[in-house]
1. Among the helices (runs of 4 or more DSSP H) lying completely within the stretch 80-195, list those that include at least 3 residues that are among the hydrophobic types (A, V, I, L, M, F, W, C), open to solvent by 50 Å² or more (accessible area, probe 1.4 Å) and touching a residue at least 40 places away in the same chain (Cβ under 8 Å).
2. Can you tell me which residue within the stretch 242-253, out of those that are under 16 Å from residue 272 (Cβ atoms) and open to solvent by less than 90 Å² (accessible area, probe 1.4 Å), is modelled with the lowest pLDDT?
3. Looking only at residues that are out of contact with any Ser or Thr (no Cβ under 8 Å at 6 or more places or on another chain) and modelled with pLDDT of 95 or more in the stretch 171-180, which one is nearest to residue 322 (Cα to Cα)?
4. Quick one: what pairs do we get from the stretch 312-331, first residue of a type in the set (Val, Ile, Thr), second assigned to a strand (DSSP E or B) and open to solvent by 20 Å² or more (accessible area, probe 1.4 Å), C-beta under 7 Å, 6+ apart or different chains?
5. Any chance the stretch 220-237 includes a residue that's open to solvent by 60 Å² or more (accessible area, probe 1.4 Å), modelled with pLDDT under 95 and either on the phi < 0 side of the Ramachandran plot or outside any helix (DSSP H, G or I) (or both)?
6. Starting from the stretch 15-33, take each residue that is assigned to a loop (DSSP other than H, G, I, E, B) and list its partners that are of a type in the set (Gly, Ala, Ser), counting only C-beta distances under 8 angstrom and pairs at least six apart or across chains.
7. Here are the criteria: (1) within 15 Å of residue 173 (Cα to Cα); (2) open to solvent by 20 Å² or more (accessible area, probe 1.4 Å); (3) touching a strand residue (DSSP E or B) at 6+ places or on another chain (Cβ under 8 Å); (4) part of a loop (DSSP other than H, G, I, E, B). Tell me which single one residue 313 does not satisfy.
8. Looking at (1) open to solvent by less than 10 Å² (accessible area, probe 1.4 Å); (2) within 16 Å of the chain's Cα centre (by Cα), which is the only condition residue 276 fails?
Amino acid sequence: MGESVAKYKEICLWIKNRLENGELNPGDKIESEYQLCSLFHVSRQTVRHAIAVLEEEGIVQRYRGSGTYISDSEQLVPQKEKTMQIAVMTTFIQEYIFSSIIRELETQFSNAEYSLQISFTNNSVEKERLILKNILSKNAVDGLIAETTKSGLPNPNLDIYQRIRDRGIPVLFINSYYPQLDVPHVSLDDKMAGKLVTNYLLQCGHRNIAAIFKSDDGQGHQRYAGYLEALMESNVRINDKWIVWIDTEVLSDFEQSAEFFFGRLSDCTACVCYNDEVAGKLLTVCQKHNRKVPDDLSVISIDNSDIADYCDVPLTSADNPIRNMARIAALQMLDMIGGNEVPQSTELEAKIITRDSVKILNISGL
């Protein structure tokens, strides 16, 4: 007990000394809880005790979603009144995995007596901009949980996200994120998911492994990185011809490009798909062109959505724990609203759910 008390006092004294010698000035932001934990080798509880003591003494002030500052009421952004509203922005709302994410967020926030303002972008940068401007102009929410739009491409809306944060409104990304912004995110570990499904095909004896990834979403880039890493670690040849990149618009017209896909995949025994939606469309195209899955082509994907269970050939897919993701995101947002620090990155592990879409050529490590 004595050591813990000494440690919190040590943190308080360190802050006060820096203020006295001019290293810190009124209005300056001090180190985050995580940085202080690392500097003093103490728990978050000890750091929070020290900050609370400094706050009681009027030396620092905490602002939710922004951090802890040396007190100066004229320089600091005033703390706004709570609205008990959380903005949730996803790319889609009723399709694929998004309805499950929203349902879990609604459950978690209703338990905390918050209401949701739900909007969706259809993966359109322009619509994302309109929604963000609306949030900024109305200034009527306590936090924003956002699924990023076309996160694999440069985005013109990053400045609006930063302006929202400058208003003292915490922002948290879910399912994907913009690496250019210093904003916490909760997502699947997409690189490891890509590696996991590729390794599964390798263990089943496949060597000529094609892949279809989305180019405009950051998850596609990460899953591609995992696919490459698995092949390289197994000393399997990487053939650029077998790697197909699509975007949101091409995905909606997938069947129109059937000949193109078959031309690229003709020498392959298996294909890694960006997600279950892509895999489901590939199965439909295979059926129309009399290419049997898994006899002629094994197909594996990521997300383990309802599509994986109910398509004509049930899909082997890497599980994306979206309900847990949404639960963690909600709890972290509540922490941020309360002025507490949260991890910069929370990435969840996938696991393989085996069904009928992968043919075992020979067993190696399964």
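The values are calculated or read from the model by the stated rules, or taken from the named source; none is laboratory data. Since we're looking at a predicted model, the values are computed, not measured. Ideal geometry is used to build each Cβ from the backbone, glycine not excepted, and the neighbour counts take in all protein chains shown. Ligands, DNA and RNA are stripped out before the accessible areas are found, and what is left, the full protein with its side chains, is counted by its heavy atoms. Shrake-Rupley method; radii C 1.70, N 1.55, O 1.52, S 1.80 Å.
1. none
2. Among them, the one singled out is 251.
3. 172
4. 316/352; 316/353; 328/346
5. yes
6. So the pair list comes out as 26/71; 30/67; 32/67.
7. Result: residue 313 fails condition (1) only.
8. Going through the list (1) open to solvent by less than 10 Å² (accessible area, probe 1.4 Å); (2) within 16 Å of the chain's Cα centre (by Cα), residue 276 breaks only (2).
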